[in-house]
Structures are given as C-alpha cells and as structure tokens.
Amino acid sequence: MPANPHFDFGPYAQILKTLLPRSRGIYLYAPDGDLLWSSDGADFHDLRPAVEELLESAKQNASASGLRRMLDDAPAYCFLLRDELGAVLGVTAVVCRAVTRDADLPTFESVERTLAPLMVLTRRDLGQQRVIETGRFQIGDTAQGAGFGGNNSVRHRRDVSCAPCALNPGKPSPTVLASCGAAFC
C-alpha cells in the first residue's frame with residue numbers, strides 16, 4: 001500500500017523481515033502519523049496509539065528514538081526516523097508474533113541494535129526523497145562536496161543548524177562526525 005509513489009518501502013521491509021523473522025506486520029508512517037506503507041495493505045489500528053505517542057514524544061524530546069508496546073501478547077516496536085538535523089522523517093513500526101513467556105520477549109534495545117543498519121539506510125533514503133520533493137539542495141550534498149571526487153582530504157565544516165555540531169562546539173570528534181553523518185553539515 002504505497003501512499004508515496006516516490007518511495008517504495010517494500011525492499012526495506014523484506015530486509016527487516018530477514019533480520020527479524022518473528023515480525024508479522026511492518027509499517028511505515030509519515031511524520032504526521034499517516035500510514036505510508038504496510039506489509040498487509042492496511043493499518044493496524046491497535047498500533048496507532050503507540051505511533052502517535054512516539055511522534056508526540058519526539059516533539060518534546062530530541063533524543064527519543066523509539067518504544068516497545070505489548071498489543072495483547074504480541075510485541076510491537078516503533079522506531080523514529082530523523083534526518084541529520086533532527087527533523088522527523090517518519091516512524092517504522094514492526095508487530096511481531098505473540099510470545100508465550102517473558103523470556104521470549106526481545107528488549108527494545110536488542111531489536112534496535114539488530115535493525116540499526118537498516119534504519120540508517122531508511123533514514124538516508126527518506127531524507128534524500130525529502131530533498132528531492134522539497135527542492136532543498138546544498139553543495140555539500142554533491143559527490144564532489146562530500147569527498148567522493150578527487151580530493152580525499154575533506155574537512156568537516158561546522159554548522160549550527162546541524163544538531164550534533166551545535167551540541168558539540170569546538171573541534172568535531174569522531175563521535176560528532178559519526179552522529180552528523182556527513183563530511184559537510
């Protein structure tokens with residue numbers, strides 16, 4: 001059920017299903033809470049309060065990353081997708097098969113670690129789609145500006161609009177560069 005014809009979440013959902021075989025439903029929500037994509041073609045209404053709670057907490061807490069909620073006996077995991085400036089791009093939600101006992105219930109942190117590389121790719125591609133749709137383009141977004149051209153000695157240019165850079169004044173550390181995700185903000 002792709003609501004956005006420019007972004008097909010299907011391949012990401014296939015990878016997610018491979019990484020988390022106990023998943024039975026995979027959903028992608030827009031920043032306003034609208035369903036963009038669903039593995040079963042419909043919204044899972046019991047999941048909506050968790051998605052809305054996460055989106056609301058994202059407005060209050062810049063470090064909000066996700067949550068786990070029990071929907072009857074089935075765990076649901078919701079992951080907030082933000083761009084490099086901290087703007088919300090959407091929510092990826094996964095509903096898993098019901099568990100029989102607490103020992104079978106993966107923690108939010110373990111599922112987050114398992115899905116982290118996929119969430120990075122999803123964030124990147126949703127962010128690129130947003131750039132295309134809004135027309136926001138910066139020279140730092142180009143291959144030459146990002147250091148993929150002939151000059152491999154790229155310096156990190158600090159920008160106060162970049163949340164990791166603004167929170168970490170001074171010379172950027174490897175941690176700041178990793179959280180910024182770009183050679184240029």
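What is the order of ILE26, ILE132, fewest Cβ neighbours within 10 Å to most?
Working: ILE26 22, ILE132 12.
Ascending number of Cβ neighbours within 10 Å: ILE132, ILE26.
In segment 46-90, which GluC sites (Glu not before Pro) are in a loop and have at most 10 other Cβ atoms within 10 Å, using DSSP for the loop call? Write down the numbers at each step before the final one.
Details: sites: GLU52, GLU53, GLU56, GLU84; in loops: GLU84.
Sites meeting the loop and neighbour criteria: none at all.
Read-outs throughout are calculated quantities, based only on the coordinates presented, and are distinct from any laboratory measurement. The model shown is predicted, which means the values in this text are computed figures rather than measured ones. Counting neighbours? That spans all protein chains shown, and the Cβs are built from the backbone with ideal geometry, glycine included.
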